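What follows is a short report on a single structure.
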There are 2 protein chains.
Amino acid sequence: MHGKFKIIAATALLASLSFGAYAQSAAERSIQYRQGIMKAQGWHLGNMAAQVKGDKPYNKDDFSRSATFLSQLMQMPWDGFGPGTETGAPTKAKADIWTDAAKFKSEGDEAGKAAAALAQAAASGNMDQIKVAFGATAKTCKTCHDDFRTK
Amino acid sequence: MHGKFKIIAATALLASLSFGAYAQSAAERSIQYRQGIMKAQGWHLGNMAAQVKGDKPYNKDDFSRSATFLSQLMQMPWDGFGPGTETGAPTKAKADIWTDAAKFKSEGDEAGKAAAALAQAAASGNMDQIKVAFGATAKTCKTCHDDFRTK
């Protein structure tokens, strides 16, 4: 009973967390999940852009933190594009995500590689390398949005 | 001029990404950032809860993936609670976050440690360890929400 009690306790805790998720469909939760991840990606990308552009003083630690987080986040949204998540909440996702899944995966993989390279460049603190890696990463975002996101 | 061209190109790319962020205030973007991260945390927590409860068959790799992502995400929301982000978009954040910053940080650190321990337990595949670590992690979420989030 001890193990079972733990499950019940954990479940009660979870229910009490009021993530607002329990009245939602699985598709709605997945759509909001992937949008949350991409919103967070955009925030870190914006923080880095401000430093690349000089709108905000470059700080190696702050920039590198954003680059590392972006690299981690770039692995995450794909879980939210599972079968049956084409609709269920407001979304700009094109049907091509599911009809051309190989291309979508390929572009996602490219984005992941570019963000990992940006995190490496950020750790070096070399602004020339950073600029190249930042531009390459932003380009993978744009490519995938152009191909798989409605305006 | 080569370096400068790269900056301009990267900036143009970024502007064209239409994250919808550029007409927003810095506070609004920070609030939506932290909410996006916590939405994503909730999604992975829910995926793990379903497996702990038996609503979904336990799959070691799937569970471990969610635990690792949650552990990474648990490091991220704090950046979105900077000065001046008390208001600016709909938020349930209590003022105590800024007036009792030490307690907020302490509870955030506890959540980070608990999620890291859950990721370790998940890698072991030992369900007894997983249940304990999952319950402990869910408890840190609840504690911080009880203290710092309005109903």
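Since every read-out is calculated from the coordinates, none of them should be taken as a lab result. This one's a predicted model, so the numbers in the text were calculated from it and none came from an experiment. Cβ atoms come from the backbone with ideal geometry, glycine included; neighbour counts cover every protein chain shown.
Taking a straight line from the alpha carbon of A:K105, these aspartates and glutamates sit under 19 Å away, with near neighbours fewer than eight places off in the same chain left out: A:D79, A:E86, A:D96, A:D146, A:D147, B:D62. For A:D62, the label point sits 7 Å beyond Cα toward Cβ; its separations from the matching points on the remaining copies run 4.2 nm, from shortest to longest.
Per residue of chain A, the DSSP helices (runs of n ≥ 4 H) give a summed -39500 (n - 2.57) that works out to -24000 deg cm²/dmol at 222 nm.
Here is how far apart the A:Q24 label points are across copies: 1.5 nm, shortest first, using a point 7 Å from Cα toward Cβ. Calculate log10 I(q)/I(0) of the protein assembly as shown for q = 0.08, 0.09, 0.10, 0.11 Å⁻¹, where I(q) comes from the Debye formula with a single equal point scatterer on each Cα and nothing for solvent. Scattering profile of the protein assembly as shown, log10 relative to I(0): -0.36, -0.46, -0.57, -0.69.
Taking Cα atoms only, the orientation of helix B:127-148 departs from the longest principal axis of chain B by about 50 degrees. In whole angstrom, the stretch A:26-148 maps to an equivalent ellipsoid with semi-axes of 28, 14, 11, each derived as √(5λ) from the alpha carbon gyration tensor and ordered largest first. The residue in chain A that lies nearest, by its beta carbon, to the axis linking chain A with chain B is given here with the distance in whole angstrom as A:G36, 2.
When B:D62, B:D79 are sorted by how many other C-beta atoms sit within 10 angstrom of their C-beta, beginning with the fewest, the order is B:D62, B:D79. Taking chain B as a Gaussian network of alpha-carbon nodes connected by springs under 10 Å, the highest mean-square fluctuation of the residues B:T140, B:T99, B:T68 belongs to B:T99. The angle between the Cα long axis of helix B:2-16 and the main principal axis of chain B comes to about 70°, on a 0 to 90 degree scale. Taking 21 Å as the limit for the C-alpha separation, the pairs A:K53/A:K103; A:K103/A:K151; A:K53/A:K139; A:K103/B:K39; A:K113/B:K113; A:K39/B:K131 exceed it in the case of A:K53/A:K103; A:K103/B:K39; A:K113/B:K113; A:K39/B:K131. Plainly put, the tip 7 Å out from Cα toward Cβ on B:K103 is 5.4 nm from that tip on each other copy, the closest given first. Measure out, as a whole number of angstrom, how far apart the alpha-carbon centroids of the stretch A:127-149 and the stretch B:20-91 sit. The two parts, judged by their Cα centres, are 24 Å apart. The angle between the Cα long axis of helix A:101-124 and the main principal axis of chain A comes to about 60°, on a 0 to 90 degree scale.
If we count other beta carbons within 10 Å of each Cβ, what is the order of A:K131, B:K151, fewest first? Provide the component values of the computation, followed by the final result.
Details: A:K131 20, B:K151 6.
The fewest-first ordering by Cβ neighbours comes to B:K151, A:K131.
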